[in-house]
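Participant: Take a look at this one; I'll ask things after.
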Amino acid sequence: MRVLTVIGTRPEAIKMMPVLRALKARGDAIESALCVTAQHRELLDQVLTPFALVPDYDLDVMKPGQSLNALMRTILERLDPVLESFTPDVVLVHGDTTTTLAAALAAFYRGARVAHVEAGLRSGDLMRPWPEEMNRRCVDQFASWLFAPTQNARRNLLAAGVADDQIVVTGNTAIDALHVAVGEIETRAELRAACEKELAFLDPRKRLILVTGHRRESFGDGIERICAALLRLASRGDVEIVYPIHPNPNVRDPVRRLLGAQAEIHLVAPMDYLPFVALMARAHVIITDSGGIQEEAPSLKKPLLVTRERTERPEIVETGQALLVGSDEARIVAEAERLLDDAAHYEAMTRGDNPFGDGRAAERIVAALLG
């Protein structure tokens, strides 16, 4: 079986790393190739290098200020010769990015079967997250294999008319990747020392709030309200905040302008994956709009405040391990301070197993492809 995996962003690379390793381990039955679109060039490379993921094809599509329509067109144009050359039986895509939709469409038009990892997630609102909710729904309509991370995702697919025999509940590959990362940090002294050196600026006397944010629906007023909440939290005096800033100028510029002068807030460049896992493990509270962090945090026993009004990962809200706070300044401050000041509430939000998997999703995916 000839399998072409197509990824374009840092989260895709993290989550598909265990799958690529599992494909390689079955070299007796699978010829595996990796194509990167480099939709996010620098952030993607941060993951490829430490995990020795060497692309067989690099489309290098990133351009500053590129529209989604232009990005879609470029991926389709540059991927088509790759499909013609490699002639895959299966094109493996992940999640909900523009890369995912473009690669799946290109494969479908070429007659290759599409396998969708992390299928079936739904927020219920086509505009949140935008355009990711639409991207994921479209790919789910014509994929041959739909690898659902949870039973809830499986129910979403059945409700959308997907045949039951096309769906495999695997768990989320983000948990596989997290297990790999934690194992690397724990067992390799040089990596552990490198992570500790990168985090040496942290004050051990203060509790750490980790913040990330990049979703389009927060651009503008939403980011400004989130920053106002962070300024109020930083003024407590007993916390420090670390905010790795996404390079998109719609995020980077207002965050630097509003938070750059606050001593208790550390604005840092996007971190490599392993140091970022170490940073998550060090955090007391995480405030984020990231889907991947929603999946990872329960394994690290970290409570989450999700700066979105809706999430396509409702399991984490249902288990009580996360709260949706949107971009409402007062809600963010109130819920963060409750986690900082109420030990019983904090303990309740860090209790329970991770609803997104056990770290064996990749092997289930490869087994399903081989039938």
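Participant: Could you work out, for the range 1-126, what percent of all Cα-Cα pairs fall into each 10 Å distance bin, beginning at 0 Å and stopping at the bin that holds the largest distance?
Facilitator: 13, 47, 34, 6, 0
Participant: A further question follows. Rank by packing, highest mean first: peptides 135-146, 49-60, with packing defined as the count of other Cβ atoms within 10 Å averaged across residues.
Facilitator: Numbers: 135-146: 20.1, 49-60: 15.7.
With the highest mean Cβ count within 10 Å placed first, the list reads 135-146, 49-60.
Participant: Using θ = phi - 60° and the Karplus form 6.51 cos²θ - 1.76 cosθ + 1.60, what ³J(HN,Hα) does each residue of the range 147-154 get, whole Hz, x for Gly and Pro?
Facilitator: 8, 8, x, 9, 5, 5, 5, 4
Participant: Here's something else I'd like to know. Please compute the Cα-Cα pair-distance distribution of the range 324-371 with 10 Å bins starting at 0, giving whole percents from short to long.
Facilitator: Using 10 Å bins, I get a P(r) of 20, 27, 22, 17, 13, 1 for the range 324-371.
Participant: Roughly to the nearest percent, how much of the accessible area of the chain is carbon and sulfur, given a 1.4 Å probe? Intermediate values should be presented prior to the final figure.
Facilitator: Numbers: 7620 of 15170 Å².
Roughly 50 percent of what the probe reaches on the chain is carbon or sulfur.
Participant: If you fit an axis through the alpha-carbon atoms of helix 189-198 and take the longest principal axis of the Cα set of the chain, what angle between them do you get, 0 to 90°, nearest 10?
Facilitator: 50
Participant: About its Cα centre, how strong a charge dipole does the chain have in debye, to the nearest 20, once Lys and Arg get +1 and Asp and Glu get -1 at the Cβ? Please list the in-between numbers first.
Facilitator: Values: 43 positive and 52 negative charges, 37 e Å.
Here the chain has a charge dipole of around 180 debye.
Participant: Could you tell me the extents of the chain's C-alpha atoms along the three principal axes, largest first, rounded to whole Å?
Facilitator: Principal extents (Cα only, largest first): 59, 45, 41 Å.
Participant: Something else about it: Please give the calculated 222 nm ellipticity per residue for the chain, where each DSSP H segment of at least 4 residues contributes -39500 (n - 2.57) and the sum is spread over every residue; nearest 500 deg cm²/dmol? All intermediate terms of the calculation are to be shown ahead of the outcome.
Facilitator: Details: 16 runs with 181 residues, N = 371.
Theoretical 222 nm ellipticity from helices: -15000 deg cm²/dmol.
Participant: Here's a follow-up. Just the projected area, averaged over all directions, of the convex hull on the alpha carbon atoms of the range 290-338: how many nm²? List each step's numbers first, then the result.
Facilitator: Values: hull surface 12.8 nm².
Directional mean of the projected Cα hull area for the range 290-338 stands at 3.2 nm².
Participant: So what's the angle, to the nearest 10 degrees on a 0 to 90 scale, between helix 291-300 and the longest Cα principal axis of the chain?
Facilitator: Taking the Cα atoms of the chain, the angle to 291-300 is about 70 degrees.
Participant: Please name which of Ala263, Met349, Val139 has its Cα lying farthest along the dipole of the chain towards the positive end, using unit charges on Cβ (Lys, Arg +1; Asp, Glu -1) and the Cα centre as origin.
Facilitator: Ala263
Participant: Give the angle, between 0 and 90 degrees and rounded to the nearest 10, that separates the Cα long axis of helix 249-259 from the longest principal axis of the Cα atoms of the chain.
Facilitator: It works out to around 10 degrees.
Participant: OK, next. Viscosity 0.890 mPa s, temperature 25 °C: give me the Stokes-Einstein translational D for the range 193-273 in µm²/s, with Rh taken as the Kirkwood radius over C-alpha pairs.
Facilitator: On the way: Rh = 13.3 Å.
Using the Kirkwood radius from Cα pairs, D works out to 185 µm²/s.
Participant: Next up: For the ranges 98-105, 194-201, what's the packing order if you count other beta-carbon atoms within 10 Å of each residue, average per peptide, and put the highest first? List each step's numbers first, then the result.
Facilitator: Values: 98-105: 25.6, 194-201: 14.0.
In descending order of packing, they fall as 98-105, 194-201.
Participant: Right, another one. Given the options Pro244, Ser67, Pro88, identify the residue whose Cα lies farthest towards the positive end of the charge dipole of the chain (+1 on Cβ of Lys, Arg; -1 on Cβ of Asp, Glu).
Facilitator: Ser67
Participant: Taking 0.36 nm per residue of sequence separation and subtracting the Cα-Cα distance, how much length would be gained by fully extending the chain between Asp253 and Leu202, in nm to one decimal? Walk me through the numbers before you get to the answer.
Facilitator: Details: separation 51, 0.36 × 51 = 18.36 nm, distance 2.38 nm.
Separation in residues times 0.36 nm, less the Cα-Cα distance, equals 16.0 nm.
Participant: Further question: Based on the mean of other beta carbon atoms within 10 Å per residue, what is the order of 263-272, 281-290, most packed first?
Facilitator: Details: 263-272: 15.5, 281-290: 21.5.
Highest-to-lowest ranking by the protection proxy: 281-290, 263-272.
Participant: Could you estimate the translational diffusion coefficient of the range 135-197 from the Stokes-Einstein equation, with Rh from the Kirkwood formula over C-alpha pairs, at 37 °C and 0.692 mPa s, in whole µm²/s? Don't jump to the answer; show the numbers that get you there.
Facilitator: Details: Rh = 14.0 Å.
Answer, rounded: 235 µm²/s.
Participant: Continuing with the same structure: Based on the Cα coordinates of the range 116-251, what is the per residue volume of their convex hull in Å³? Present the calculation step by step, with values, prior to reporting the outcome.
Facilitator: Working: hull volume 22.1 nm³, N = 136.
For the range 116-251, the hull spanned by Cα atoms encloses 163 Å³ per residue.
Participant: If you don't mind, there's one more thing I want to ask. Quote the charge dipole size of the range 162-321 about the Cα centre in Debye, to the nearest 20; the model charges only the Cβ of Lys and Arg (+1) and of Asp and Glu (-1).
Facilitator: Values: 20 positive and 24 negative charges, 159 e Å.
Roughly 760 debye, rounded to the nearest 20.
Participant: Mean 1/r over all different Cα pairs, inverted: what Kirkwood radius does the range 248-371 give, in Å?
Facilitator: Value: 16.3 Å, from the Cα pair sum.
Participant: Using a 1.4 Å probe, what is the accessible area per residue for the chain, in Å²? Don't jump to the answer; show the numbers that get you there.
Facilitator: Working: 15170 Å² over 371 residues.
With all protein chains present, the chain gives 41 Å² per residue.
The values are calculated or read from the model by the stated rules, or taken from the named source; none is laboratory data. The model shown is predicted, which means the values in this text are computed figures rather than measured ones. Positions of Cβ are generated from backbone atoms using ideal geometry, with glycine treated the same way; all protein chains shown enter the neighbour counts. The protein model used for the area step is the full one, side chains on, heavy atoms only, and it has no ligands, DNA or RNA in it. Shrake-Rupley method; radii C 1.70, N 1.55, O 1.52, S 1.80 Å.
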